[in-house]
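Undergrad: I am attaching a structure below and will ask some questions about it afterwards.
Only the coordinates and a few stated rules stand behind these numbers; no lab work does. From a predicted model like this one, the values you see are computed outputs, not experimental measurements. So basically every Cβ, Gly included, is an ideal-geometry build from the backbone, and we count neighbours across all protein chains shown.
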């Protein structure tokens with residue numbers, strides 16, 4: 001498929017990609033390489049000008065938009081929470097869910113662990129945009145919401161980029177849980193979070209420059225290897241600085 005926001009500046013030209021059911025892929029690369037654009041196209045926020053995107057061999061423009069979005073889960077870097085209780089925010093994933101189903105979804109991603117320590121537990125009011133919770137806690141609620149909705153396709157857009165160290169391990173484990181059995185597309189900034197995905201795509205100027213799993217790409221010692229090692233060294237330096245501080 002081919003796509004451009006402006007005709008004179010194409011984002012994708014003859015781009016081809018096939019994702020198998022249940023496969024998890026990660027999109028990596030520098031800013032402006034097309035990661036977010038590809039996600040926007042898959043969500044049908046935009047449509048390609050040439051070629052087509054198919055779901056189960058059907059051109060997705062032939063499918064009801066409501067059907068696509070009902071089968072799609074989307075977790076952003078800063079998840080959207082509304083003013084209300086923890087229970088209400090998780091139930092937003094499936095409005096007819098019972099209290100027990102909501103709590104079970106929270107237990108699956110281990111959000112229940114911090115919820116039980118809140119003053120009113122599931123009735124705790126999260127504040128405007130969830131500002132009474134940490135970013136990591138908000139992510140766990142967003143993952144619980146996904147488990148409750150049970151979408152076939154899950155998109156994680158920089159979902160681990162801004163998490164706090166206190167809940168980092170829990171968020172990592174929750175990400176693994178929600179991807180299990182689903183087709184997953186991860187836009188990744190922190191490369192350490194995607195080592196277990198089935199396939200990593202390194203995008204460059206709207207093209208797939210490198211593709212493979214983490215082990216294979218590290219063995220190739222190409223662009224992905226350079227990005228990973230640079231990020232790893234930066235994280236080590238930050239940890240040393242924090243210890244000294």
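Undergrad: Within segment 95-128, whose backbone N sits under 16 Å from a point 7 Å along Cα→Cβ of residue 177?
TA: Residues passing the 16 Å test: 100-117, 122.
Undergrad: Also, quick follow-up: For segment 30-108, would you read off the P(r) tail past 14 Å as a percentage of all alpha carbon pairs?
TA: On the way: 2228 of 3081 pairs.
For segment 30-108, the share of Cα pairs beyond 14 Å comes to 72 percent.
Undergrad: Next question, about the same structure. Hey, what's the Cα Rg ratio for the chain versus the globular rule of thumb, 2.2 N^0.38 Å? Don't jump to the answer; show the numbers that get you there.
TA: On the way: Rg = 19.0 Å, N = 245, 2.2 N^0.38 = 17.8 Å.
Its radius of gyration relative to the 2.2 N^0.38 Å reference: 1.07.
Undergrad: Can I ask one more? From a point 7 Å beyond the Cα of residue 128 in the direction of its Cβ, which residues of segment 70-97 have a backbone N at a distance under 12 Å?
TA: Flagged as within label range: 83.
Undergrad: Also: Of all the C-alpha pairs in segment 8-70, what % are more than 14 Å from each other?
TA: Pairs farther apart than 14 Å: 63 percent.
Undergrad: Something else about it: Just check segment 102-201 against the gyration tensor rule for me: Cα atoms, a ≥ b ≥ c as the square roots of the eigenvalues, rounded for a/c under 1.5, and otherwise prolate or oblate depending on whether a/b exceeds b/c.
TA: Numbers: a/c = 2.12, a/b = 1.55, b/c = 1.36.
Prolate is the answer for segment 102-201, as a/c is 1.5 or above and a/b outweighs b/c.
Undergrad: Using mean Cβ contacts within 10 Å as the protection proxy, how do 78-88, 125-135, 33-43 order, highest first?
TA: 33-43, 78-88, 125-135
Undergrad: Now, a different point. Quick one: if the Förster radius is 22 Å, what FRET efficiency do residue 208 and residue 233 give, using the C-beta to C-beta distance and rounding to 0.05?
TA: Numbers: r = 26 Å, r/R0 = 1.18.
Computed FRET efficiency for residue 208 and residue 233 comes out at 0.30.
Undergrad: Now for a separate question. What share of the DSSP beta bridges in the chain is antiparallel, in percent to the nearest 5? Write down the numbers at each step before the final one.
TA: Values: 12 of 29 bridges.
Taking every DSSP beta bridge with both residues in the chain, the antiparallel ones total about 40 percent.
Undergrad: Still on this structure: I need the per residue convex hull volume for segment 74-150, using only the alpha carbons, in cubic angstrom as a whole number.
TA: Considering the Cα atoms of segment 74-150, their hull volume per residue is 74 Å³.
Undergrad: Quick check on packing: order 138-145, 52-59 by the mean number of other C-beta atoms within 10 Å, highest mean leading.
TA: So the peptides 138-145, 52-59, ranked by packing, come out 138-145, 52-59.
Undergrad: Then there is this: Once you order the gyration tensor axes a ≥ b ≥ c over the Cα atoms, which shape class does segment 1-133 get: rounded for a/c under 1.5, otherwise prolate or oblate by comparing a/b with b/c?
TA: prolate
Undergrad: Along the Cα→Cβ direction, 7 angstrom out, place labels at residue 18 and residue 66. What is the inter-label distance in nm?
TA: With each label placed 7 Å out from Cα toward Cβ, I get 3.3 nm.
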